[in-house]
């Protein structure tokens, strides 16, 4: 998770076949610090090189998970009878040596005179200035009115209409606002040159970030319109002799005050050569099922997930590997232990869907792919439990200010009762009181909290599809600390039974004692 907190989605309404307390306690007790540490020693090893998405290290981590699922008899639930669901990445990258822009005899190099989104283009065309490029025909706002833009290059200043800022992009689109990129595609423009006072001052610094674009095929839309941020010298060349100067347009961009639209001199042409190289790579989710015991209810799924990826290797430094022991080796091995507990003991009525996601650190990619291309009927998934960073707690007497946001030694942050339903808090408290007796901290249980944890981990992919469809809650905990130095093993991996094992067991116990609303 980019904000690096533990996130647990908990459900209210699951009924289990196990009524006898010793049965579930005996299974929970199979989750031991020794087993957790053994798994984590492999998942967070230097040899896996930080498990970036995609990478050989992430592939090896997935194979390790699968080898255990096979041994325990967990059924494959990926694609084509396997344990895997494949994310196919396409990476487009600018080739700076063959990329240039020419205006009136002046030539500008990539990373010095401009930066550009990696969309291939080789064209010479006239230009049209269209303000901030946003339109809303239903409100009579159309900076393109009276201008021919097909086959031309649009010059657009940075900034947004006030209503777009207030509503957000999706809501603004719903009430008729069209972005510059959408207008360019619909009207047949070739490219967009953006006047951005902030970015034009740091062209060289942002060149590398702009030069690559990575998307998951079939999951993320890919724009066909190159977007170029021009430097001040390029803008001076563009608007030399025009009715409005580059200096004036830069000032207006700073003030979010677009000038009226106009076509640049018909004798002025811009030649754009954007050379782009493309490569394809793959990464994989791991998916398994522990089949339920009830002949009818086993068609429903309780999904439990954790992201397996981390952020890979740093470009500099002596110890460059971000091992990701806590983020999210801890959640991954906790899920592996839960899988063993379910697979090798008495089974609940509903089936358990086990999910190890790739690509969380790049924007919840693995979980988003799963809900868009589910390998089981999405409507049969009744709830999602997500485990992210479950391995670290503040130790007794720890006064280090860097650890001030870690949960206490026997504490977990809980999100949900205030957001969703007070009834959930009562269920959670009853379950907790029956076994672990952890401290449940509601500090983050608010949609107005600045961390906005509701939206920041893989459970949100399921929430976006209406899963679960009833009130639910999830817990959050533990500020992330960099594990670049050494393996970064969280204390919970080898510490007290109320630590990492306890959190696994609490998840197991919650499933068995939560009540299904209809029963």
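The values are calculated or read from the model by the stated rules, or taken from the named source; none is laboratory data. The structure displayed is predicted, hence computed values, not measured ones. So basically every Cβ, Gly included, is an ideal-geometry build from the backbone, and we count neighbours across all protein chains shown.
For the stretch 142-161, state whether one or more residues are part of a helix (DSSP H, G or I), surrounded by fewer than 16 Cβ atoms within 10 Å (Cβ to Cβ) and at negative phi.
First, the residues of the stretch 142-161 that are part of a helix (DSSP H, G or I): none.
Looking for residues that are part of a helix (DSSP H, G or I), surrounded by fewer than 16 Cβ atoms within 10 Å (Cβ to Cβ) and at negative phi, one finds none in the stretch 142-161, hence no.
Check residue 366 against each of (1) part of a loop (DSSP other than H, G, I, E, B); (2) touching a strand residue (DSSP E or B) at 6+ places or on another chain (Cβ under 7 Å); (3) at pLDDT 90 or above and name the one condition it does not meet.
Every listed condition holds for residue 366 apart from (1).
If I ask for residues that are surrounded by fewer than 19 Cβ atoms within 10 Å (Cβ to Cβ) and within 31 Å of the chain's Cα centre (by Cα), which ones from the stretch 93-110 would you list?
Of everything in the stretch 93-110, those that are surrounded by fewer than 19 Cβ atoms within 10 Å (Cβ to Cβ) and within 31 Å of the chain's Cα centre (by Cα) turn out to be 93, 95, 96.
Can you pull out every residue in the stretch 128-141 that is out of contact with any helix residue (DSSP H, G or I) (no Cβ under 7 Å at 6 or more places or on another chain) and either assigned to a loop (DSSP other than H, G, I, E, B) or closer than 17 Å to residue 250 by Cα (or both)?
Answer for the stretch 128-141, where residues must be out of contact with any helix residue (DSSP H, G or I) (no Cβ under 7 Å at 6 or more places or on another chain) and either assigned to a loop (DSSP other than H, G, I, E, B) or closer than 17 Å to residue 250 by Cα (or both): 128, 129, 130, 131, 132, 140.
Of everything in the stretch 68-92 that's at pLDDT below 95 and crowded, with 16+ Cβ neighbours inside 10 Å, which residue is farthest from the chain's Cα centre (by Cα)?
Step by step, filter the stretch 68-92, then rank; the result is 92.
Of the conditions (1) at pLDDT 95 or above; (2) in contact with a helix residue (DSSP H, G or I) (Cβ under 8 Å, 6 or more places away or on another chain); (3) not assigned by TED's automatic domain parsing to the domain that holds residue 355, residue 100 satisfies every one except a single condition; which number is it?
(2)
Which one is modelled with the lowest pLDDT among residues in the stretch 421-439 that are buried (at least 20 other Cβ atoms within 10 Å of the Cβ) and touching a strand residue (DSSP E or B) at 6+ places or on another chain (Cβ under 7 Å)?
Per the stated criteria, the residue is 424.
Residue pairs, Cβ under 6 Å, 6 or more apart or interchain, first in the stretch 359-381 and at positive phi, second assigned to a helix (DSSP H, G or I). List them.
So the pair list comes out as 359/365; 359/366; 364/461.
Quick check on residue 354: is it modelled with pLDDT of 95 or more, under 27 Å from residue 456 (Cβ atoms) and part of a strand (DSSP E or B)?
yes
Read through the list (1) assigned to a loop (DSSP other than H, G, I, E, B); (2) closer than 25 Å to residue 217 by Cβ; (3) at pLDDT below 85, then give the number of the only condition that residue 392 fails.
Just one mismatch for residue 392, condition (2).
Looking only at the stretch 3-54, how many residues end up being touching a strand residue (DSSP E or B) at 6+ places or on another chain (Cβ under 7 Å), farther than 17 Å from residue 326 by Cα, at pLDDT below 90 and assigned to a loop (DSSP other than H, G, I, E, B)?
Result for the stretch 3-54: 3.
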